[in-house]
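> Okay, handing you the structure first.
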Amino acid sequence: MSDEIVLAVIGGTGIYSLGDLTDVTTELPVTPYGDPSGAVRIGRLGEGGPRIAFMARHGEGHSVPPHMINYRANLAALQAVGAKRVLALNTVGGITERFGPGVLGCPNDLIDYTWGRISTISEEPGSEVIHVDFGEPYDGALRSAVLTAAGETGVPIVDGGVYGATQGPRLETRAEIARMKRDGCDLVGMTGMPEAAIARELGLEYACLAIVANWAAGAGPVEDEIITMEEIVAVVQSTTANVGKLLHRLVM
Ligand code: HPA
């Protein structure tokens, strides 16, 4: 049995643990960027399966809002325990037709609308200035592996799409979503950035598995629908079996 960590998973809203981890150990690495959202849980996926690491992005009790997450510390903590590949699970709203509630997507591009977040590892005075290539923000090999795992397990997934990262923690106005649609966004979430950019700076292979929880404001068939947190969590939880199947195949 290899001790290598084959994958790190960052859980988003509605995903605070990976149910079937065995031989679990807990680490709280000290990072140069401060404290992560919580502990890194390391365990085997399935009895005797490969080792994976898990972190809840918002903390295990969903106590850290999107704009307060220490994205640098979270990724550095996963890297410190030995992770090289990171699959980010992001709960999102769907903007375009292909991305209705319950759909899984693997976006291939993003637009960053966030502001005021620490978005680089070269923030501190005296640190090296780095300009990483970000033309393709998600790792192509990891995206392919995710899509292959989905295909092999019969889990429906949409290949590609543009993730628009908003500041939150409030949801968007209908006009904001209409603008994002004109910009080319298919999905909207609050945590995709700066996480993806920092992962690139740290040299981590990083991709996003987006879980569509709701139609974004004004994007669905019911124009004045109110989006509730209960609805978001319930839809995310309804995808758990498919996400689990996909993850198992991805790491086997
Ligand atoms: N907007 C932003 N973030 C989200 C949404 C949304 O509609 N749904 C889940 N996360």
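The values are calculated or read from the model by the stated rules, or taken from the named source; none is laboratory data. For clarity, every value in this text was computed on a predicted model and none was experimentally measured. Counting neighbours? That spans all protein chains shown, and the Cβs are built from the backbone with ideal geometry, glycine included. Areas reflect the complete protein model, heavy atoms only, side chains present, ligands, DNA and RNA absent. Shrake-Rupley method; radii C 1.70, N 1.55, O 1.52, S 1.80 Å.
> Remind me, relative contact order of region 1-137 in percent, using alpha carbon pairs under 8 angstrom and six or more residues apart? Before the final figure, lay out each step's value.
Numbers: 215 pairs, mean separation 37.6, N = 137.
Contact order relative to length: 27 percent.
> Would you kindly give the portion of the calculated P(r) for region 57-122 that falls above 20 Å, as a percent of all Cα pairs?
Numbers: 963 of 2145 pairs.
Tail fraction, whole percent: 45.
> When the accessible area of the chain is split by element with a 1.4 Å probe, what percent falls to carbon and sulfur? Kindly include the intermediate steps, with their values, before the conclusion.
On the way: 5790 of 10990 Å².
Percent of accessible area from carbon and sulfur atoms in the chain: 53.
> Next up: Run the 1.4 Å probe and let me know the accessible area of Tyr16, rounded to the nearest 10 Å².
Counting only protein heavy atoms, the figure is 60 Å².
> A further question follows. If each DSSP helix of 4+ residues adds -39,500 (n - 2.57) and the sum is divided by the residues in the chain, what number results at 222 nm, nearest 500 deg cm²/dmol? If you can, show how the numbers build up before the last one.
On the way: 6 runs with 64 residues, N = 252.
Helix-only estimate at 222 nm: -7500 deg cm²/dmol.
> Could you calculate the contour length gain from Thr228 to His62, that is, 0.36 nm times the residue separation minus the distance between their Cα atoms, to one decimal place in nm?
Values: separation 166, 0.36 × 166 = 59.76 nm, distance 1.55 nm.
So the extension gain works out to 58.2 nm.
> Here's a follow-up. Just for the chain, what percent of DSSP beta bridges are antiparallel, to the closest 5? Before the final figure, lay out each step's value.
Values: 14 of 42 bridges.
Given both bridge residues lie in the chain, the antiparallel proportion sits at roughly 35 percent.
> Now a separate question. Considering only DSSP beta bridges whose two residues both sit in region 1-92, what percent are antiparallel, to the nearest 5?
Values: 10 of 19 bridges.
Roughly 55 percent of the beta bridges in region 1-92 run antiparallel, per DSSP.
> Excluding ligands and nucleic acids, what accessible area in Å² is computed for Ser122 using a 1.4 Å probe, to the nearest 10?
Here the residue's solvent-accessible area equals roughly 30 Å².
> Add +1 for every Lys or Arg and -1 for every Asp or Glu among the other residues with Cβ under 12 Å from the Cβ of Glu195, and state the total. Each step should come with its number before you reach the end.
Numbers: positive: Arg57, Arg72, Arg117, Arg200; negative: Asp112, Glu201.
Net local charge, Glu195 excluded: +2.
> Where in the chain are the DSSP H helices whose C-alpha atoms run 18 Å or more along the long axis and whose mean Kyte hydropathy is at least 0.5? Write down the numbers at each step before the final one.
Working: long enough: 140-153 (20 Å, 0.57).
Membrane-span-like by this criterion, though nothing is claimed about a membrane: 140-153.
> Moving on. Report the accessible area of Lys245, computed with a 1.4 Å probe over the heavy atoms of all protein chains in place, in Å² rounded to the nearest 10.
The value for Lys245 is about 100 Å².
> In whole percent, what relative contact order does the chain give with Cα contacts below 8 Å and a gap of six or more residues?
Numbers: 559 pairs, mean separation 64.6, N = 252.
Reported as a whole number, the value is 26 percent.
> Oh, and also: Solvent-accessible area per residue for the chain at a 1.4 Å probe radius, Å²?
It amounts to 44 Å² per residue over the chain.
> Give me P(r) over the chain, computed from all C-alpha to C-alpha distances, binned every 5 Å, as integer percentages.
All Cα pairs, binned at 5 Å, distribute as 1, 7, 14, 19, 21, 17, 12, 6, 3, 1, 0 percent.
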